[in-house]
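The values are calculated or read from the model by the stated rules, or taken from the named source; none is laboratory data. Since we're looking at a predicted model, the values are computed, not measured. Here Cβ is always computed from backbone atoms with ideal geometry, including for glycine, and neighbour counts include all displayed protein chains.
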Amino acid sequence: MTSDALASLTALAGSPPAPARPVPQETLETVFGLPLPVDYVRYVRTVPPGVYRDTLAVDQPDGDGSTAELEAALDFRRGQLRDDEAPEQLVPWAALGRDYLVCWIADGDVADDWRVAVYEPNPFTGGTVHPFAGGCVDFVLAFAAGATGLAVLDYVYRHDPDPLFTAFLDRR
């Protein structure tokens, strides 16, 4: 991730103010139960909760630092992965509508090296992992631009939503 990528996302989100109480990285890592990529931590400190293209919602604390909704979202998404018998190294951090999960492929000791993947659940045949060559901020920016290169997301790009980012006003 580059500072330019995060600046582009901040501009896309309407140049929001930083959350009133940025959540310490240690708190986020406690909620997730593991070390986190730095780009995710920077993202949640900079961009308010919201949704991209009416589809992608990044799991993050509220603007006041509350982690209750983040914890509930993570519990729900982890349950989805368990129910689908998904690979254990998948760590969910966002949702694409109600059908897909965005995860890190936590296959190494260095969180900043984890790649992102879209997980397509299928309780009958097992899910499919669609790897993306980049991290959290790179994925969110590529998703907003319609440039992830993942065919599984083509359905999202059939219409151009206006705006590309909508803040959750009740969570700022």
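Do the conditions hold for PRO24, that is, is it surrounded by 15 or more Cβ atoms within 10 Å (Cβ to Cβ) and at pLDDT 80 or above? No. For region 103-119, indicate whether the set of residues that are over 23 Å from LEU36 (Cα atoms) and out of contact with any strand residue (DSSP E or B) (no Cβ under 6 Å at 6 or more places or on another chain) is non-empty. Among the residues of region 103-119, not one is over 23 Å from LEU36 (Cα atoms) and out of contact with any strand residue (DSSP E or B) (no Cβ under 6 Å at 6 or more places or on another chain), which makes the answer no. Residues that are closer than 23 Å to THR27 by Cβ and in contact (Cβ under 8 Å) with a residue 24 or more places away in the chain within region 71-80 comprise GLU71, LEU74, ARG77, listed in sequence order. For region 147-172, the set of residues classified as assigned to a loop (DSSP other than H, G, I, E, B), at pLDDT 90 or above and surrounded by 13 or more Cβ atoms within 10 Å (Cβ to Cβ) consists of THR148, LEU150, listed by residue number. Just checking, how many residues over region 35-94 are out of contact with any Pro (no Cβ under 8 Å at 6 or more places or on another chain) and either aromatic (Phe, Trp, Tyr) or farther than 28 Å from ALA7 by Cβ (or both)? Count: 16. Only one entry of PRO123, PRO92 meets the criterion of being touching an Asp or Glu at 6+ places or on another chain (Cβ under 9 Å), modelled with pLDDT of 95 or more and either buried (at least 18 other Cβ atoms within 10 Å of the Cβ) or in a loop (DSSP other than H, G, I, E, B) (or both), and that entry is PRO92.
Here ASP84 does not qualify as over 12 Å from the mean Cα position of the chain (by Cα), farther than 19 Å from LEU153 by Cα, surrounded by 13 or more Cβ atoms within 10 Å (Cβ to Cβ) and touching a residue at least 60 places away in the same chain (Cβ under 8 Å).
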